[in-house]
Amino acid sequence: MKVEENLQKIQENIEMACRRSNRQPNDVTIIAVTKYVTIERAKEAVEAGIIHLGENRDEGLLTKWGVLKDKPTWHYIGTLQSRKVKNIINKVDYIHSLDRMSLAEEINKRAEKVTNCLIQVNVSGEESKQGLPPHEVSEFVLSLSKYDKIRVCGLMTMAPFTENEQVLRSCFRKLNELQRKIKNLELNYAPCTELSMGMSNDYMIAIEEGATMIRIGTALVGEE
């Protein structure tokens, strides 16, 4: 299917989820995850009106950035190795995977401007997932005050891949609670207003639990 048709269906689902949770669709940002698709498909997404694109590897991001430049807003959503920061740092608008001090140091050293970062949190506790355990997040955020190029704009998590709605809701709810806790600290460098959670299989549940950014790949742009 065309990206435009997929986008229309997703927007209808967002409206439905927002009605159920007394929210406004404009509060939810769709990030098209283009890591598995061609540059042509990514261009189709932009032409369909998608403003935000997400990549999880530096090679994929650099290839697509080379063609699309700053037409979309770029999100780096994958695990980021410190040695690869220099490749992507001044090309991306958001980094969704800040989870350790060594990475923060590298971002701050390489960034030419303030960079929006989301702290990745391993809410589910799965060993296969990256991110900080929830109980370490507040202290980590406080320790970032010395980095003038990092703005903690929110939190990100990946929920377990399951059809169990209660498990998903519990995961998203915990991140929501943690985000409010950080926001209430009222730190200038960490407004923490964003909740990046929800993918193709669970984004409606994530929205109902407070997601402000959803990362949609397969359901929006498909796979190669």
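The values are calculated or read from the model by the stated rules, or taken from the named source; none is laboratory data. As the structure is a prediction and not an experimental result, all values here were calculated from the model. Don't worry about glycine lacking a Cβ; one is built from the backbone with ideal geometry, like all the others, and counts go over all protein chains shown.
Evaluation of Cys117 against the conditions (1) within 20 Å of Asp202 (Cβ to Cβ); (2) of a type outside the set (D, E, K, R); (3) touching a Lys or Arg at 6+ places or on another chain (Cβ under 7 Å) shows that the sole unmet condition is (1).
In the range 136-164, the residues that are closer than 16 Å to Asn184 by Cα form Cβ pairs under 7 Å with partners that are among the aromatic types (Phe, Trp, Tyr), at six or more places apart or across chains, as follows: Ser145/Tyr189; Arg151/Tyr189; Val152/Tyr189. The condition of being touching a Pro at 6+ places or on another chain (Cβ under 6 Å) and among the charged types (D, E, K, R) holds for only one of Glu15, Glu59, that being Glu15. Every test in (1) of a type in the set (Val, Ile, Thr); (2) closer than 30 Å to Arg173 by Cβ; (3) in contact with a Ser or Thr (Cβ under 9 Å, 6 or more places away or on another chain) is passed by Ile89 save one, and that test is (2).
What do you reckon, is Val123 at pLDDT 95 or above, β-branched (Val, Ile, Thr) and under 26 Å from Ile205 (Cβ atoms)? No.
Taken over the range 37-71, the criterion of being among the hydrophobic types (A, V, I, L, M, F, W, C), without any contact (Cβ under 8 Å) to a residue 60 or more places away in the chain and touching an Asp or Glu at 6+ places or on another chain (Cβ under 8 Å) is satisfied by Ala48, Leu61. Exactly one residue among Ala211, Ala219 is assigned to a helix (DSSP H, G or I) and among the aliphatic types (A, V, I, L, M), and that residue is Ala219. For the range 45-63, the set of residues classified as under 17 Å from Val85 (Cα atoms) and either among the aliphatic types (A, V, I, L, M) or in a helix (DSSP H, G or I) (or both) consists of Asp58, Glu59, Gly60, Leu61, Leu62, Thr63, listed by residue number.
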